[in-house]
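The structure appears below as structure tokens.
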Amino acid sequence: MHWTAGGTAKSAWNTFASATLRGRKSIAGGGAVNVSSQYLIDRDGTIYELLSPTRVARHCIGLNHLSIGIENVGDGKKYPITDAQIASNVALIRHLKEKYPITHLIGHHEHNKMRGHEYFIEQDPKYKSYKPDPGDAVMKRIRGGLSDLALEGVPVNSSPKK
Ligand SMILES: [Zn+2]
């Protein structure tokens, strides 16, 4: 789960449209493929499928090979995640869970806690990021709508490997 750190779907689209990474020196060492996400949820709750969920998108270090990224237009400050977005996230994840063997639901800000988990591929220990999105409050709202699915969060008692 992500937020785009922007206010419009258009700006997110412009970021993702190129096949190759532009700028972003901090992650350029990880390859020339652009950042992307399978889904983008606009502020009114409209869900856009940008890539098939069976295609790899570059959205989360260590977990891209088996995860589905969902971006939400917003930033938690000027553009807080809307109730319509929460409802669409819940509906989309419920739909995806019916189609794919999804076991975990995590926020980007939680991804370092997956280091050491069997799902996490560590190719370069120096290549890492610390993200604020979408934050505990947003994850609590989304998880609240999916509590019956028994999706796991980050491993209990885990701590990020430094
Ligand atoms: Zn993110």
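The values are calculated or read from the model by the stated rules, or taken from the named source; none is laboratory data. For clarity, every value in this text was computed on a predicted model and none was experimentally measured. FYI the Cβ positions are ideal-geometry reconstructions off the backbone, even for glycines, and counts take in every protein chain you see.
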* Which of the residues spanning region 111-146 are part of a helix (DSSP H, G or I) and either in contact (Cβ under 8 Å) with a residue 40 or more places away in the chain or within 16 Å of the ligand (Cβ to nearest atom) (or both)? -> His111, Asn112, Lys113, Met114, Gly135, Asp136, Ala137, Val138, Met139, Arg141, Ile142
* Asked: Of all residues in region 1-14 being under 15 Å from the mean Cα position of the chain (by Cα) and either outside any helix (DSSP H, G or I) or of a type in the set (Val, Ile, Thr) (or both), which is nearest to the ligand (Cβ to nearest atom)?
  -> His2
* Asked: What number of residues within region 60-110 are away from the ligand (no atom under 16 Å from the Cβ), buried (at least 20 other Cβ atoms within 10 Å of the Cβ) and part of a loop (DSSP other than H, G, I, E, B)?
  -> 0
* Can you tell me which residues in region 83-98 are under 20 Å from Leu66 (Cα atoms) and free of Cβ contacts under 8 Å to residues at least 12 places away in the same chain? -> His95, Glu98
* Residues located in region 7-58, provided they are among the aliphatic types (A, V, I, L, M) and either under 23 Å from Lys126 (Cβ atoms) or in contact with a Cys (Cβ under 9 Å, 6 or more places away or on another chain) (or both) -> Leu21, Ile27, Ala28, Ala32, Val33, Val35, Val56, Ala57
* To do: Scan region 27-49 residue by residue and report those that are at pLDDT below 90, of a type outside the set (A, V, I, L, M, F, W, C) and more than 18 Å from the chain's Cα centre (by Cα).
  => Gly29, Gly31
